[in-house]
Every structure is written in structure tokens, then in C-alpha cells.
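Report on one structure; see the data block that follows.
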Amino acid sequence: MSSLTLERGINAFKAQIDAPMASFFSSCVSCGMCAEACLFYTENPEPRFAPIYKLEPLRRVWEQEYTLIGKLKAKLGLSKPVTDAELAEWQELVYNNCSLCGRCTLICPVGNDLTYMIRKMREGMVASGHAPEGLIGASTRAVQIGSPMGVKLPALQAQVRHVEKSTGMEVPFDKVGAEYLLMLSSMEIMNYPEYLEAVAKILTNAGKTWTLSSECFEATNSGIQIGSSDIARELVSRVVNAAEKLKVKTVISPECGHAYTALRWEGPNLIGRPYTFAAKHIVEVLDELREQGLLQTEGMEEAKLTFHDPCQLVRRGGVVQQPRNLLNMVAKNFVEMSDCGTLNWCCGAGGGVSANEDAEEVKMKAFLRKKKQLDELGVDTLVTACANCRIQLEEGLEVNQMDIPVVGLTEMIAEHLVERKGGAA
Amino acid sequence: MRLGEIPIIVKDEVPIEGAPTSALGAYLHERGVSRRDFLKFCGLLASTMAISPALIPKIAEALENAKRPSVIWLSFQECTGCTESITRSHSPSIEGLIFDAISLDYHHTLQAASGYGAEEARAEAMKENYGKYVLVVDGSIPLDNPGYSTIAGISNLDMLKEAAAGAAAIVAVGTCAAYGGLPKADPNPTGAVSVADIIKDKPIINVPGCPPIPVVITGVIAHFLTFGLPELDSLGRPKAFYGQSIHDRCYRRPFYERGLFAETFDDEGAKAGWCLYKLGCKGPVTYNACATTKWNDGTSFPIESGHGCIGCSEPDFWDFGGFYQALSIPPGASGKNAVYAAAVGIAAGVAIGAMNKKSKADAAGLHQTVTVEELNQESQS
Amino acid sequence: MNDVDFLLWVKGPAFSAAMVIFIAGMVLRFFEILSLGKKVNYAVPKSDPVQGGLREILRRFGTDKATFQRSLLTVIGGYVFHIGLFVVVFLLAAHIALLKSIIGFGWPNLPTPVVDAFAVITMLTLIAVLAHRLQHPVKRFLSTPSDYVVWASTFVPVLTGYMAYHHLLLAPSLMLGLHILSVEFLLVIFPFTKLTHAFTLFLARWYNGVSMGIRGVKS
């Protein structure tokens, strides 16, 4: 069997480097502003955590392979090829200390999309055998079992039975021609079963046809996090196949940030063609229902609450206004964090950090940034729309002895849902 | 009294042994120059040379007592413009008289003698005043072929070397003698060089200009007579006359400061007397006294007539970009050259771009699908 | 070689060579960059990618308030010396005359003392920016020798230009020669150092902005 080698890694770098990356590397003036934009630096201020430095091996390959001056330098012995030891050293920077949150990408004054480059750099890290254990495990389970957490269909079926029992509604499986195919994340099946119930109620109440797929229910994509297009393609293809087999109009990405990125932005490029269906985040779907008058709520939350914007939704997905529209339907005391919206700070565990045991200490340090934002506000409740953020936030709040419950936006909406007569018929 | 009218330039009428011993003061007095006029001239000299007015009596005294030195004037590759300039010094003038006061023993244009007689006069003056005479040179010296310029069958180079050997000092008058001048202009067909390029063992005072200002020539001579060799700048010019740029003393300088420039020779700016920088004025890098002493009896200088300075007192001024091209524009700066450069870039870019494309395609071709089996194999090892 | 020979050399062959290297080098760099291509994006865009690209090209000249406060010195220093350089390079009459001779058209200039003041501000800011770079842990850590060469190659032309104008230290024509020579050095290294950002940042912002446009991200 073939094995992962430095050569394959460097080769992956070479194959990934494109015109945008060459423009980015050509434009960096070492101003250091990306460091100030990155919570892995601000909460743990070591200069090597500056985002641009995390890309140094990739930059060197670009310079040596794709620039005249770099080739000349290499010939004159002024630059050394990237070594396996260096890539091993960079694993910590590229995986443990980056959540692909995209804040540096937004701040960089010359316009460098550093997040895009880190994502691409991980391709080479994987190919050279420098991906972290935790992500390897998650990817393996995702490919072999169908879920990064090892959740199998019977577990979902058990959840479904539970939901059907408590709501009295049918939770359909494999219904061909349904408008929506509902995808889930294992985190929701295992940690937040109330999500499925909430969506079931809302969609059924809105009179929409929807279904789950017994062939593929997992929307998360470990391939995106570990940074392997080969694995990501395998995983996203399963969703595409299920959706096309069931001939649905829209696939709903669950309350998960990177699943949305995987399905909405990377998916079509991984399979090399546009989808035959639309891919939307649940928050987008809910806001559409609201606009169509199919989502009506009653009662208001009295608690002072705020919304944590998941990075993949705001900065990498353009979903900013929708959760606010929804929250304003049900919350009296909705206050915004500083830097809310596209510039919101990451929870500290996105982009594979949560699945990476090596990053456990780091991600709690990174959480301190969120803590500062929350301390400024003094809220009673924290709402978000990403299960991965939610787990990190809950853990961070607990570690820091902050008594703030974290609630999923969909659940909160569902709690205030006005059941339309005949709507569920 | 005009220089041309003075009989002393005819060798026979000037007793050679008398010249160096006769004091200048007495000579001027004999010629009817009043004490008052003489002091006025000393004042002028003091101001042009930036000497304190307190020193005027000293200058006067020194000049009065100066001995009339023997001067040999050699003309090589030149246009006689320098001599024209001196003879057109506003007359009657004391500058002219100072010039008269020297014992000009040899000068092509001005001497009456010709042929062997002239050359004999030169040989005699050199012999009589060996080590003491002042050698004035105008014109450059051709090195490519000695035949390009000869006098009485003697090449300029030989004549210069011979005359320089016995000179106390050399005054290189005009830009040709000082720096090669027009004959040296690209492509320098005669291999013209300056006096200083050949003579290395004598003090040389460069009095460049095309032509030099008359009062500067006489001023330098006066300085030499009174205080000896003047202080020179890095280009061998007396600092007293060449210490400031035309730009520094230009009456249009305020317009430069305010950023008001004539764009053409007949626009409103030109009529309003705005700065001529954009019309090619070389004033900022040209060192001469034109802006202060002016020309034609203090009438004006070129910029006052509406034309930029062409930088004639600077080496290689002829090749200093176009006369009408702004100083900041290098000769090679043109859209055409930029397009050529871009074409070179495109050619090289296409080549290196093709290499990059191939390199990237090769890398994509070498890609082996990453499998979870491989990942796990790696993580166990 | 006297001052004038030197000035003639820097204005003549040296300038021509520097200009060729600069222009050919920058064109070459763009080929180098663009030849690497960009994959087609099959994701359905949420908003107009072209608008996104153009918006980011403009937007990144500014900064959000929080970032401004966090990176105060970097942002202010950056603005001041870039604006200063812009004024000094593009609004001095002598420079405009040179540019006009190459590109065929000119524009109004500022009064010389104003440009002079900008030169002083630019130099002081460049010194402050360098001090900040040496003192700031991240900047110092990220800086390579090339970054310092780039700094010097930007600073020296302003300094020599200033000194030539004010007749400081050396004969103005010699200083002018040094000024032009230092600019030529800048031009020669320009395409092969981070100085390229002056051009490539538009590409970088464009690509980033297109991606943001596709994703419907407005900042």
C-alpha cells in the first residue's frame, strides 16, 4: 500500500497553489495585522501564531517553484527546500491554532484570503502525513461509518421514534419528491436531539414536504476540516447522491458552520459540477419561511440574550441578517456583542479544532476572547446556530464558571411556534 | 578704451621685460582711470566674489601693486566665442582695462603678428617668463588624430604640453577647455578632451561657460593677481563665481516654490514670467554667476529673456537631455521604451508562465488519492 | 567620474536599465501569478462576484473601528507614509514631468514647499514605522532581511530627494544623482520584493472580494 510522504505533500502544495495564492503571497508586507485579527494569537500572543506565518512552508514552495527570483535563490543555495520536520512542526500552527474562522481574511489590508490558503495548505499536510490524530479518527469514522462520531442509522432511527412519539408527527424517511432534504450533524443526534424535533415541528407546521435520507444523514464533512479534497469529495458525494435520488429541491444544512461551507461552497467544486438542488442553512430556510408568512411565533423571551455568529455563517457564508430577523421575533432583550456580524470572534473550536485532541488546551485559551465579549454584555442566555460552536461555548462557559445557558436558534424559534390550523395536515 | 584698440597686443609694442615689472595701478592711472572708478571696480569684484566689503581697500591695494604677468592664450578646438565674449565686455570698462593690463603675448585672434612671427613671439614669451607666465586655453584638445586641429603644424596636444610646462598656472576658459565642451558632445568624433584631462601637474582654474561671463574671466584674473589661486569647487571652478546655482539666485525662483510653471513658451504662465523648469531649464544643476552679474552690461540673462538655462557651464551640458526637456526627465524615459520593456516582460512572462503551468499540471498529474487507510497507516507508524 | 558624469550616467544608461527591469519585471510577475490559474467555481453565487471584487478593492483602503484601535500605530503609520509617498512621488512638478514623458500626459502639481513638508512627514513616519517594526514582537518576528531592504529602498530616495532640494551635505547635482540612483535601485528590486504589493494588492483584493461576493459576504 502506498504511504503518505513529504514528496506527496510538496506535490499537493504545488497542485494547490493558484493565481489568487500567488497574488496573496506577493502582496503581504508583514504588517502583522492578521495576528491582531486572530484569537489564537490575541489570547496566546506568540508571534508564530500570526496567521501568515502558519503559511510559511506553503509560501516557500510557491516562491521556489513558481517565481523566477525563488528559482534563482534556490539555485544559488539561498533558500532551502521545505523539510518533513518543518511540516511536522507546522502541524500545530495549521491545525491546533487555526479554526479557519476567516477573520484574518477580512482584516488583511492588502486583501489576502489567508483562510483559503490554510485550507489549501492542509491538503499538503494530509498528503505528507502531518494531520492530527483526532481529525484522522473523525475522517476515518466519517468515511467508514458515515459519521465522524460513529453515529449509525439505528441511533438516528431511535431519535426519530422519540420525536414522533413526543410530537405526534411523522418524521419521513426517503420520501421522493419532497421539497426539503434535512441533513443533520452527529452532534445534534447525540447532544442536541431537540434540534430535530424543532425542525420537524417548524417544517411540518409550515406545510412543507420534507424528508430524511436513510442513506445519508450526516452533513458534517471531516474531509473539509482535515483538508483533504479526496475525503471531502467522498463525503459530499453521499449527500449529493441522496438528494438527487430523492429529487428534492433544497438540502438543508443543519446548525453547523463547516457543514454549510462543505455543502454550500466546496461541494459543487469537489464534484466538479453545479448541484441540481439548492443548498441552504437551516437559518436561511427559517428566514424564508418567516418572509413567506409560514413561520409565526408567539410570546417573547424576557431574558437578556445575545447571538454568537458562527464564522462559517457570517464571514464565510454571508448569513448575517437572517438570525437577527428570527431572534427579533422571539426576544425582547436581544443585545449585540462587540464585533458582531461579519467580524465576530470565533468560538475557538471551528475548522477541526474541536475534533483535534492536541488542541484541547489551546481551544480553551482561545475561548477567552469570547469570554471577554460576553463579560462586556452580561447576558443571561447565549444563542447560536452551530452545534460545534455550542459545544465549545458550553465547555468554555463551564470551565470559566459562567452560568449562561447556550441555546440553538432553531429550538428557540420552535418553542414560540404558533401551530397553524391545518398547516400540519 | 577698447581692447581692440590697444596696441599692446601687438607683440612688438610691448616690451617683454617691462611687462611683469610694471605695476598695474600705475598702468591704469596712466590710462586715465580715476581712483574712484578703480575702487568701484574693486567693490564690484568684492561683491561678485562674495568678499567682505571691508576688504575692498585690500583688493585695491593688491591690484594696484600687482605686476602685469605675461599671458599666453592658446586656442584649440573652439569657436572663438570666448574671445568674442571678452572683447564684448561693456566698454570702456575697468574689466577691459584689467585685461589690457596683462601682457598678452600670444593670442591668435587678437594678435597682429602672423605665421612664423607669431610662433616666435610665443616661443620667446615662454622662454623669457618660464615658470611665471599664465597660460590661458580655450577649446578642447582632439586625441583621436592630432591632425584634426593644428597650429603652425603643431598638434594641439603638443602645443599644450609644451606651453603648460613653463606655466605658473593655467586658466581653462570656456566649457571646451574646461570639460571638452561641444567638440566632446556625443559621439565625440575627434576624441576631444579638456585641459585637465592632459595636464596633471599644474594648477588649473576652470572658467567654464559657453561662453563664460566676461567679468568672471577678468575677475578670475584679478583674483589671481591679488590673492593668487582662487578656491575651487570639485569641478575646478572658482567658488567665488560658481558657488551658487542659477536656480538659487533666479528671480523666478518664487514661482518654482509655488509650483507655477510655464508649460509652453507662449502660454499665460510664460507671459507672467513663471518658472521655466518644465520647459527644460537646467538652472537647478547649473553653477554660474549669470543670475547675479548678468550679461551685456548687466542687462539681463537668458532666463530673463524667457528661455531656460541650458547649463552651459556644466560638463557635457550638450548631452544633458534635450534643452527643452525638463531636468527630471532622463533621455531614456519615453513611452516607446516603456512599451519595449513591457514587450520584454511579456516574452519572458509567456515563457515562465508556460513553465509554471506545466509544473502545476505535472503536480496535479502526480496526485494520488488520499485514503483513510493511508491516513491511519501513517498515524500508527 | 565627476558629479555631472555621474548624473549623466544615472539619468542615462542606468535609468533606462532600471526602467526596463522594473517594467519587464512587473509584467513578468503578473504572468508568473496569473499563469497559475484559478479553478472555475460551481457554487451558485449569493451576490455578484464582480461587485464583490470591486468593493473589496476599495473597502480595504479603509479599516473597521475595532481593527483601527487594535492596530493603531500600524494603521496610522501606514496611512501617513503611503499618502506622503503618493504626494511626494506623484505631485512634485519634476516627477510629473518625468511621468508625463513616459505615459504622455500630466496633471497639476502641488507647490514645492507643500511637497517638501510631505517629504519630511513621510521620512519621520517611515522612521517611526521602522521603530515600530523593530519593537513589535509579531512584526519583528515576521520581518525578513528583504523587509528591511525594502524599507531602506523606500526611505533613501525620499531622503536624497529632500537633501538635493535643500542643498544639504553634498553638491546638489551629486545628491540629485544619488537620488535618481536610489530610485533606480528601488525600481530594480521592485518586482522581486514585497514592493510588488503596490500592484498585486489589487489582484489580492479582487480575488478575495470575488470569493466574498460569491458567498454574499459584505463587510
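The values are calculated or read from the model by the stated rules, or taken from the named source; none is laboratory data. What you are looking at is a predicted structure, and each value in this text was computed from that prediction instead of being measured. Don't worry about glycine lacking a Cβ; one is built from the backbone with ideal geometry, like all the others, and counts go over all protein chains shown.
Miscellaneous remarks
- Note on the stretch A:50-102: residues that are assigned to a helix (DSSP H, G or I) and free of Cβ contacts under 8 Å to residues at least 12 places away in the same chain total 10.
- Take the conditions (1) surrounded by 17 or more Cβ atoms within 10 Å (Cβ to Cβ); (2) out of contact with any Ser or Thr (no Cβ under 9 Å at 6 or more places or on another chain); C:Val129 misses just one of them, which is (2).
- Enumeration of residues in the stretch A:337-391 that are farther than 29 Å from C:Thr63 by Cα and of a type in the set (Val, Ile, Thr): A:Thr381, A:Ile391
- Residue list for the stretch B:121-136, restricted to those being in a helix (DSSP H, G or I) and among the basic types (Lys, Arg): B:Arg122, B:Lys127
- Across the stretch A:57-74, not a single residue is classified as at the interface with another protein chain (Cβ under 7 Å from one of its Cβ atoms) and under 30 Å from A:Thr342 (Cα atoms).
- Restricting A:Arg233, A:Arg264, A:Arg273 to residues that are within 22 Å of A:Thr140 (Cβ to Cβ) and in the same structural domain as A:Val176 (by TED's automatic domain parsing) narrows the list to A:Arg233.
- Qualifying positions in the stretch A:16-26 - facing chain C (nearest Cβ under 7 Å) and surrounded by 24 or more Cβ atoms within 10 Å (Cβ to Cβ): A:Ile17, A:Pro20, A:Ala22, A:Ser23, A:Phe24, A:Ser26
- Among residues of the stretch B:263-282 being of a type outside the set (Ser, Thr, Tyr) and within 13 Å of C:Ala94 (Cα to Cα), the one that is nearest to the other protein chains (Cβ to nearest Cβ) is B:Lys278.
- Restricting attention to the stretch C:42-74, the residues being within 8 Å of another protein chain (Cβ to nearest Cβ), over 30 Å from A:Asn269 (Cβ atoms) and in a helix (DSSP H, G or I) number 4.
- Some residue of the stretch B:363-379 being touching a strand residue (DSSP E or B) at 6+ places or on another chain (Cβ under 7 Å) and more than 7 Å from chain C (Cβ to nearest Cβ): no
- Pairing each residue of the stretch B:187-208 that is assigned by TED's automatic domain parsing to the domain that holds B:Gly174 and surrounded by fewer than 22 Cβ atoms within 10 Å (Cβ to Cβ) with any residue that is in a loop (DSSP other than H, G, I, E, B) and of a type in the set (Asp, Glu), provided the two are 6+ apart or on different chains, yields C-beta distances under 9 Å for B:Asn188/B:Asp144; B:Pro189/B:Asp144; B:Thr190/B:Asp144; B:Gly191/B:Asp144.
- Screening the candidates A:Phe173, A:Phe217 for the property of being modelled with pLDDT of 90 or more, surrounded by 17 or more Cβ atoms within 10 Å (Cβ to Cβ) and not aliphatic (A, V, I, L, M) yields one hit, A:Phe217.
- Filtered by the rule that a residue be in a helix (DSSP H, G or I) and either crowded, with 20+ Cβ neighbours inside 10 Å or within 12 Å of chain C (Cβ to nearest Cβ) (or both), the stretch A:245-262 gives A:Gly257, A:His258, A:Ala259, A:Tyr260, A:Thr261, A:Ala262.
- The stretch A:105-170 holds helices (runs of 4 or more DSSP H) entirely within its bounds, and those carrying 1 or more residues that are free of Cβ contacts under 8 Å to residues at least 40 places away in the same chain map to A:133-144, A:153-167.
- Answer residue from the stretch C:1-20, given it is more than 8 Å from every other protein chain (Cβ to nearest Cβ) and under 27 Å from B:Ala351 (Cα atoms) and is surrounded by the fewest Cβ atoms within 10 Å (Cβ to Cβ) among those: C:Ala17
- For the stretch B:179-251, the helices (runs of 4 or more DSSP H) that sit wholly inside it and include 1 or more residues that are touching a Phe, Trp or Tyr at 6+ places or on another chain (Cβ under 6 Å) are B:214-227, B:239-242.
- Matching residues, the stretch A:285-336, being surrounded by fewer than 17 Cβ atoms within 10 Å (Cβ to Cβ) and part of a loop (DSSP other than H, G, I, E, B): A:Gln292, A:Gly293, A:Gln296, A:Glu298, A:Gly299, A:Met300, A:Glu336
- Of the criteria (1) among the aromatic types (Phe, Trp, Tyr); (2) surrounded by fewer than 17 Cβ atoms within 10 Å (Cβ to Cβ); (3) closer than 25 Å to C:Phe155 by Cα, which one C:Phe81 fails: (2)
- Contact annotation: residue pairs with Cβ atoms under 6 Å, 6 or more positions apart or on different chains, pairing a residue in the stretch A:263-285 that is away from every other protein chain (no Cβ under 11 Å) with a partner that is part of a helix (DSSP H, G or I), are A:Thr276/A:Glu244; A:His281/A:Tyr260; A:Ile282/A:Thr410; A:Val283/A:Gln322; A:Val283/A:Pro323.
- Any chance C:Pro191 is within 14 Å of chain A (Cβ to nearest Cβ), touching a residue at least 12 places away in the same chain (Cβ under 8 Å), part of a helix (DSSP H, G or I) and not hydroxyl-bearing (Ser, Thr, Tyr): yes
- Residue that is surrounded by the fewest Cβ atoms within 10 Å (Cβ to Cβ), among those in the stretch B:310-344 that are assigned to a loop (DSSP other than H, G, I, E, B) and β-branched (Val, Ile, Thr): B:Ile310
- Exactly one residue among A:Asp339, A:Asp309 is within 20 Å of A:Glu411 (Cβ to Cβ) and within 13 Å of another protein chain (Cβ to nearest Cβ), and that residue is A:Asp309.
- Residue within the stretch C:84-93 that is modelled with pLDDT under 95 and facing another protein chain (nearest Cβ under 7 Å) present: yes
- Scanning the stretch B:345-358 for residues that are out of contact with any Ser or Thr (no Cβ under 9 Å at 6 or more places or on another chain) and surrounded by 17 or more Cβ atoms within 10 Å (Cβ to Cβ), we see that the one that is nearest to the other protein chains (Cβ to nearest Cβ) is B:Gly345.
- Where C:His166 falls short, out of the listed (1) more than 14 Å from chain A (Cβ to nearest Cβ); (2) within 30 Å of A:Val314 (Cα to Cα): (2)
- The residue that is surrounded by the most Cβ atoms within 10 Å (Cβ to Cβ), counting only those in the stretch A:393-407 that are out of contact with any helix residue (DSSP H, G or I) (no Cβ under 6 Å at 6 or more places or on another chain) and not in a helix (DSSP H, G or I), is A:Val407.
- C:Asn208 meets the conditions (1) assigned to a helix (DSSP H, G or I); (2) within 14 Å of chain A (Cβ to nearest Cβ); (3) of a type outside the set (Gly, Ala, Ser); (4) out of contact with any Asp or Glu (no Cβ under 7 Å at 6 or more places or on another chain) in every case but one. The failed one is (4).
- At least 2 residues being touching a residue at least 24 places away in the same chain (Cβ under 8 Å) and out of contact with any Leu (no Cβ under 6 Å at 6 or more places or on another chain) is the threshold, and among the helices (runs of 4 or more DSSP H) wholly inside the stretch C:84-163 those reaching it are C:112-135.
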